Structures are given as C-alpha cells and as structure tokens.
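*Asks:* Sending over a structure as structure tokens; questions will come in a sec.
The values are calculated or read from the model by the stated rules, or taken from the named source; none is laboratory data. Given the structure is predicted, the values throughout are model-derived calculations rather than measurements. All Cβ positions, even for glycine, are placed from backbone atoms using ideal geometry, and neighbour counts span all protein chains on display.
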C-alpha cells in the first residue's frame, strides 16, 4: 500500500538526483535552509522564538527530497497543493508523523533491525511476529480513522487519494477478518507459558481444533485446521477440585485425549500448536512487509512536509515574501523582488530583492562593480530554482521559470589543505566532471570561474567552454570579472536574442544598490572606487577617534 504524498503515481525513491549534490549545497548555502527545517520559528512581538525541540530528521528529509528534481508541471502542481494542504492542516500532518514514528519505534523495540535474530527460539520469534502484526494493523486503522475525521478539510489530491487507497486495499470487512485472526492468535503471543488474570477471569490455555486421521504407527494424517481460538474461562485454581474434575471428565469423554499426565504427548501437542499458529500467521505475512513500507514512507514524507512548514515559519518571522512559482517554458525566467533567502536568514535583516524578465534567454552574463551583489543574485536564482523544482515556495513576490533536468554549480573555491594541486587545476577538474554529466536541458551557474589565473588565459578558457555549452543547448548564468571574455561574448551576441547582459548597479557617488540591471559589460569593476571608499571610511574613523 503506497503513501504517494510526494508523487501522485509513486513513492519517493533516491533516483535521478542532481549530480554533485554536495557541491550545490555548499555553493548555494542550502544547509542553512535544512537547519531551518528542523525547528519551528514564531514571532512574539518583535522577538523571534523557537518553541519545541529540534528534530534533525525533518531537515534530513527536506535535504533528501530536494536533491531529486521534479520532472514536469504536473508533479510540481501536485507537490505545491500538498504543501498548501499541510500548512492548512498542520496538526493532522504532525499527528500522522508522530503516530508513524511511534509505530516504527515500537517495531524497533520488537527487533525489526535484526529481523528477530535476537530471539533464539522459533516460538519466541513467532510471538514477536504476532505482536508486530497487531501493532501494524492497529496503526493502519488509526491512520484511516484520522484521515476520515479530517477528510473534509483537505483539498489536495494526495490526502484524499491516500484515504481512498486505504479503504480500497484495507476495507472494513477485511480489517475485521484480520482482527479476528489476530485475536485468535493472541493466546500464543500473550499467554504462552502463563495465565493472565483479568478481574474474575483468566486467559486460559487455548483451544486448537484439528480434524485428522490416523495412519500406520498411529501417525496423524490428513490434517485440517477447523478452528483456533482463545478461551476465556472463569478463574479457578489449577490444582483445585474443579480443575481435577475437569481433567477426569476430559479423560472419560470419547474422542478426547487428556495430555495432563503424558509429558511426551504434551510436547508433541505444543509443537503441533506452534505449527498451526505459524500456518495461520503465514497468511498474514505479506501484510507485515506492506504495512512496514507504508509506515516508513508515511513517516518520511510527513517529515518532509513538516520541515517545509518550518521553513515557511522562518520566512514569516524574517518578513520575507514568498510565492508558489509558475511553470514556464524552457529558458523562461521572470521574477519580482527575488531575494537570496539563505543570506536573509543568516543576517536577519532586509536583503535587497531583484526583479527582471529573462524569458527566452539561454545565456546571461553578469558583470559590474565589486561588492555589488552579483554573486548574491546568482545564488538567489540557484536557490529559488532548487526550491521550485522541489515544489516549494520561493522568496519572491512572483516567480516563473522553466524546469531543468539537472542543475550544476561551479563557484570559485578558496585554496585549502584539501587541494592537491593549484586552484586552476582544481577548477578545470570540476568543470570536466560537470561537462561529462551535462544534458541539453541543464542549468549551469558559474561564479567567478577561471579567475584564478591571468585575465587573458581565464577569458580564453571561459569563452571556449561557455560558447561550446551554449551551442549544445545548456542554459548558463555566469558572474565574471573576466572583462575580455564578457566583451567578446557581447560583440558576438548583439543580434542574438538568447543572450542577455546584466550589471550590478552603482550610483554616481559610488554607492551600490545591489540590484542587477540590463547593461552592456563595463570595462572596469570599479575596484579603485571601492578602494577609495574604504580609505575614506578609515580616515573618517581616525578623525572621529581623534576628536
């Protein structure tokens, strides 16, 4: 029985993930997003509070799901509608998550991981199996009851379809039959080797009725199970007069064999009882596997949605606008007040948003002033695309984009002890891995790539790679200070409607607005201007200190 809360037609599987996911997380700073998923954030007046305990499983679930991109508009819409429903019915989703978690935890206590290897005898293993079956069947019934009570509050296909599947695959009459079987087997799991007193009653030894014949050597043949049940009798002293009278009557009754005085026959009867219960339980064995996978997926998928709800709470606490994006055609990109959400969460202050229309643009070259917000803008595009392709909301007033089968990030790295060669060699190796795994519907984000060598050599390398990938249909966003490269692309692309140039806006007085505006590549990064600005600030600090 499938859960299908992440996809309409299948369960979540760790397949077709982004290439080099760890690099994407590092370059875009996604770990901060996953940390936000672990705990709810609430705003009390002007102060941000974090109620409840941190649940790392929620962040891990969001990270796992985000690394598998959605493939088409239908999948995006399905996930978005699920998120909206989960926001609206958070209490129900929380209860499903906690309920499935308790069931899995109890199952672990009964020995799920070692598959009963800790239980040495077969009878002990069977007792545990019956208890597990009872646990899982009751759990499915509880999930069905919870969904039924809240069904009118759901509008998404996911929850209604889940309820309908449970009703179809585990209908009420089937449930009652399974309950009857479990109740009939209860004696074996709850009363083997003991008697359980219940008020004035005791759960006494069970009755297993078997029809059979006798073959040569008084061996049983043609065994047929007729009935199995737990008998509840009024409590009596097993050594008292009534018990002895019952034994005597049994021994005198035709067709009945008393086993009280024959230990050998008692052992054979116990073995026959075990084999009978094993046979009955085997009918239910497929349920354990099916229900086990059901609760695994239910716990994981509801964890993802609770993590997403927590991310939303952080956006609200930091006054970050968000929207559910629209799916456009390939190379469509239109955004309004798009913000770099990770930076916003880290700094806790207002981050400048960008608005623009890059529909139909396959190559976007971003140049301009140092410290002007170019890399921040590139990350905002990358983070928004990753969230969008997971069905999440994005930090913008509106966002429309095409879907990409894969996203690649190539950001310049600082030199560290982990590098076994020069920075340029390291950059080229990473680029070689990316090129080997690119498809014609991929998105490549380049941030200051090949700036670790001379301007002339870096520009030549960047030009050759970008031009070749563009011809193969790859969509590219590149932030660069390689002015020769940018100018060469500009001169060759004046009549190419698929190429766009943005620049980090700066005012005449040198102030940065941190907005990207359409502009041809400038032959300076205004580094001296920034240098003069810093010197001016230091001079002002000294003067203020002297006075």
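*Asks:* Restricting attention to the range 389-398, does a residue exist that is under 15 Å from residue 445 (Cβ atoms), within 20 Å of the chain's Cα centre (by Cα) and in the same structural domain as residue 477 (by TED's automatic domain parsing)?
*Replies:* Yes, that holds for at least one residue.
*Asks:* Now for a separate question. Considering (1) on the phi > 0 side of the Ramachandran plot; (2) in contact with a helix residue (DSSP H, G or I) (Cβ under 9 Å, 6 or more places away or on another chain), say which one residue 367 fails and leave the rest.
*Replies:* Checking residue 367 against (1) on the phi > 0 side of the Ramachandran plot; (2) in contact with a helix residue (DSSP H, G or I) (Cβ under 9 Å, 6 or more places away or on another chain), the one that fails is (1).
*Asks:* Output the residues belonging to the range 107-136 that are at pLDDT 85 or above and closer than 20 Å to residue 178 by Cα.
*Replies:* 107, 135, 136
*Asks:* Could you tell me whether the range 328-342 includes any residue that is surrounded by 19 or more Cβ atoms within 10 Å (Cβ to Cβ) and either outside the structural domain of residue 504 (by TED's automatic domain parsing) or in a helix (DSSP H, G or I) (or both)?
*Replies:* yes
*Asks:* Residue 346 passes all but one of (1) in a loop (DSSP other than H, G, I, E, B); (2) modelled with pLDDT under 95; which number fails?
*Replies:* Condition not satisfied by residue 346: (1).
*Asks:* Among the candidates 42, 62, 76, single out the residue that is touching a residue at least 12 places away in the same chain (Cβ under 8 Å), under 23 Å from residue 318 (Cα atoms) and under 17 Å from the mean Cα position of the chain (by Cα).
*Replies:* The match here is 62.
*Asks:* Say whether the condition of being surrounded by 23 or more Cβ atoms within 10 Å (Cβ to Cβ), in a loop (DSSP other than H, G, I, E, B) and on the phi < 0 side of the Ramachandran plot is met by at least one residue in the range 375-382.
*Replies:* Checked the range 375-382: no residue is surrounded by 23 or more Cβ atoms within 10 Å (Cβ to Cβ), in a loop (DSSP other than H, G, I, E, B) and on the phi < 0 side of the Ramachandran plot.
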